[in-house]
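Some notes on the structure that comes next.
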């Protein structure tokens, strides 16, 4: 009775533990201890053991170790039926029939033999599968125990068969507990020792020849061992929870340290610096703080081609192969890739991808065995995919990736995307304010210089019309021409300062771009320049003067042609003009692969030029900026990876409003 009361109390504890965390292991343990309490209750209230009570007691007797065995060997038959169920059903039938018919007839004996054969076959097959214990031990052990059970069944010794099966299952369960936990803790020691003692083949003790007090003590000790085993399992659960809490605390600490390190990264730079300079350091911080030992950042260029912007933990060959892969990516290809089985979101916004979908024949990444990686997409506020963060070579690969492993990385990626947009907007504001100030200065200088230049021109004309000698008139002609050139520069400065405000009208941008293509294609092909024009279908008209738009596009193309002409003939020389929609605005991107980059901050400053001395005064891009801004558009310059530059123009359509300008800026 005391043992029964303790088992009931411990069963209540197991019930509470199961409600706390409803795992299959705890459910099987709860079921096993309820069966143990039920078997002990039958012995207390039915000591005479009628056939029905004996059948129930033996059924519980065999099911108890099966519950514990199934908790540490959760294999399934053909992926569906648990082996513990396939093994236990014929054994349960055997226990019930063998108890109801101690002296069975031929039919019942045949059924018992079939049940024994089914149980032995299932046990051997179960033991031959890869599990915690080595197959070289489990399979022969199961075969030996099964063979003895078949012999006992054939000889009609059914009680001994049940006892041997009971002992064999407990022995295997104790072994699997040792291999599953692999530590010398109180919970493991009490549980394993209790299972071994519980599985002693008491039937082979001839209790009739032992003193009554000794036999009673032996049976009562076995009941006490059940209590010890249950207590050991409870301690095991508590140990597991303590270990899980400690691991969770360590993960939280590591995540907090990781977030602190990421927060120290200076992403919001001043407008005169580019955040691209920090991508390698960002990747190095990721490798140092996260569970990944390799990291790379892939960003989309202005012409919607991706490139490797930063990397860490990678050798040169892998860097080159990743750079080649990134260069083949486009937003459309990534969108198509994300819909395949090779792209699977695992945790939050982090996906596990199989890069072999993007490989080409003989791809170097395949030779380097770089086929899988984790990807964190980088989106803008408008939902555009701006880039990707590739993560690979997971530390402690045996531990699955958890949410707290990727959450700091996802927050960092979101900060990077926000910083890029913020820096772009700040650069535009600073550029607008700076150019407005320069425009006022230019207007004041133009006003002050116009009168002296008019006097110079007048006197130069008087000298030319006078009776001075030929040398003097020639000098006057030079003065007159240079003064006129100065006047043209001043007029350009005035235009930059005070643009016209006439009605721009609507310009068919697709037709203008195709006209320019027809005008310049032959010339570019003769120079060995690959001229690409991509115009989206169904583009609306834009609000700009057609002639001024042609002037802007031709000047940008001439700048690119000048840069490409300096390249050796064996290198790629490409000029690309792409026109696409961006919300309610139209984007025009003029990009090239020239060696000479641009300064995004100073590109549109008056008198700033990247050309060599004597090639120009540097008012071309500033005039382009003035024209585009005059018509409510935006123009920005950026460098491409690994080389080249691009100028992005955004123009309002007939449906564009002032509120749409911010959306267009964010999309850019």
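Where a number appears in this text, it was derived from the coordinates with a stated rule and is not lab data. Here the structure is a predicted model, which means the values were calculated and not measured. Here Cβ is always computed from backbone atoms with ideal geometry, including for glycine, and neighbour counts include all displayed protein chains.
Cα gyration tensor of region 2-244, axes a ≥ b ≥ c as square roots of the eigenvalues: rounded (a/c below 1.5), prolate (a/b > b/c) or oblate? Cα axes put region 2-244 in the oblate bin. Footprinting exposure proxy ranking of 266, 467, 354, fewest other C-beta atoms within 10 angstrom first, gives 467, 266, 354.
The distance from the alpha carbon centre of region 310-383 to that of region 475-492 is 58 Å, rounded to a whole number. By the Stokes-Einstein formula, at 0.890 mPa s and 25 °C, region 275-421 with its Kirkwood radius over alpha-carbon pairs has D equal to 159 µm²/s. The gain in end-to-end length when the residue 342 to residue 425 segment is fully stretched comes to 26.3 nm, 0.36 nm per residue minus the alpha carbon separation. In whole angstrom, note down how far apart the Cα centers of region 88-155 and region 1-56 are. Between the Cα centres of region 88-155 and region 1-56 lies a distance of 25 Å. Cβ crowding within 10 Å, taken as a proxy for footprinting-reagent exposure, orders 149, 8 from fewest neighbours to most as 8, 149.
Put a dot 7 Å past the Cα of residue 228, heading toward its Cβ, do the same for residue 121, and the two dots end up 4.1 nm apart. Fewest-first ordering of 487, 226, 518 by other beta carbons within 10 Å of each residue's beta carbon gives 518, 487, 226. A straight chain from residue 260 to residue 16 at 0.36 nm per residue would run longer than the Cα-Cα distance by 84.0 nm.
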